[in-house]
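All remarks here apply to the structure that follows.
The values are calculated or read from the model by the stated rules, or taken from the named source; none is laboratory data. None of these values were measured; they are calculated from a predicted model. With ideal geometry, Cβ positions are generated from the backbone for all residues, glycine too; neighbour counts draw on all protein chains shown. All accessible areas refer to the heavy atoms of the entire protein, side chains included, with ligands and DNA or RNA removed. Shrake-Rupley method; radii C 1.70, N 1.55, O 1.52, S 1.80 Å.
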Amino acid sequence: MVYQMVSMVLEVVAGLIAGTCLLRFLMQRQRISFHQPLGQFVFAVTDWLLLPLRRAIPPWSAWDLSSLVGAFLIKLVQYVLLWLVAGGQGAWVLLPLVSLVGLAQLVISALSALVLVLAVMSWVNPGSPIYALTSRLCEPFLRPFQRVIPSVGGVDLSPLALLLVLQILGMLLSGLQMNWMH
């Protein structure tokens, strides 16, 4: 029971920090302004980790690699702490791989949430700033589906297709991670 409680707290804290690192990565990649409340939140949550990392890891083209490395390091710390709470059982050499899969699962969960927010906002208030922001964040992931799937009666079904693919990927990653952890 203690393991489950610690696991839940670590998942929430690591998910918030690593997810915000990933959001910073995507916002920079999409050239979304940080001069807004969400951008200020992203800076406040991630600067302590990413500013020192930027000294060692320079950006590559338009890719902010320090944000990706920071997100990975947070997930690695999460799984190392879980491994220690579990009594050090299991192969510790697999922790970086388990962390990488955990990071991929976080990407899938966060992107799924963004797509759902986009879909709801497109029905409720497509003129809102939140809709514009989520649209820009989801655009690179929806574009390949929009090229293949035509809209039906004026309804864009690409978010549904993306969600389906993300759910399948999430299931595969979950199974892989469970195999490695046991």
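Structure data summary
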{"read-out": "Tally of residues being farther than 19 Å from A110 by Cα, outside any helix (DSSP H, G or I) and open to solvent by less than 80 Å² (accessible area, probe 1.4 Å) across the stretch 1-33", "value": "1"}
{"read-out": "Hey, L50 in contact with a helix residue (DSSP H, G or I) (Cβ under 6 Å, 6 or more places away or on another chain) and of a type in the set (A, V, I, L, M) or not", "value": "yes"}
{"read-out": "Pairs where the first residue, in the stretch 122-140, is free of Cβ contacts under 8 Å to residues at least 12 places away in the same chain and the second is open to solvent by less than 50 Å² (accessible area, probe 1.4 Å), C-beta under 8 Å, 6+ apart", "value": "S128/M121"}
{"read-out": "Check on G170, under 22 Å from L103 (Cβ atoms), in contact (Cβ under 8 Å) with a residue 40 or more places away in the chain, out of contact with any Phe, Trp or Tyr (no Cβ under 8 Å at 6 or more places or on another chain) and not aromatic (F, W, Y)", "value": "yes"}
{"read-out": "Enumeration of residues in the stretch 58-89 that are in a loop (DSSP other than H, G, I, E, B) and either touching a Pro at 6+ places or on another chain (Cβ under 7 Å) or within 20 Å of L106 (Cβ to Cβ) (or both)", "value": "D64"}
{"read-out": "So A71, is it surrounded by 14 or more Cβ atoms within 10 Å (Cβ to Cβ), in contact with a Phe, Trp or Tyr (Cβ under 9 Å, 6 or more places away or on another chain) and modelled with pLDDT of 95 or more", "value": "yes"}
{"read-out": "Hits in the stretch 27-43 - residues which are out of contact with any Phe, Trp or Tyr (no Cβ under 9 Å at 6 or more places or on another chain) and either at positive phi or at pLDDT 95 or above (or both)", "value": "R31, F41"}
{"read-out": "Selection status of L76, out of contact with any Phe, Trp or Tyr (no Cβ under 9 Å at 6 or more places or on another chain), open to solvent by less than 70 Å² (accessible area, probe 1.4 Å) and in contact (Cβ under 8 Å) with a residue 60 or more places away in the chain", "value": "no"}
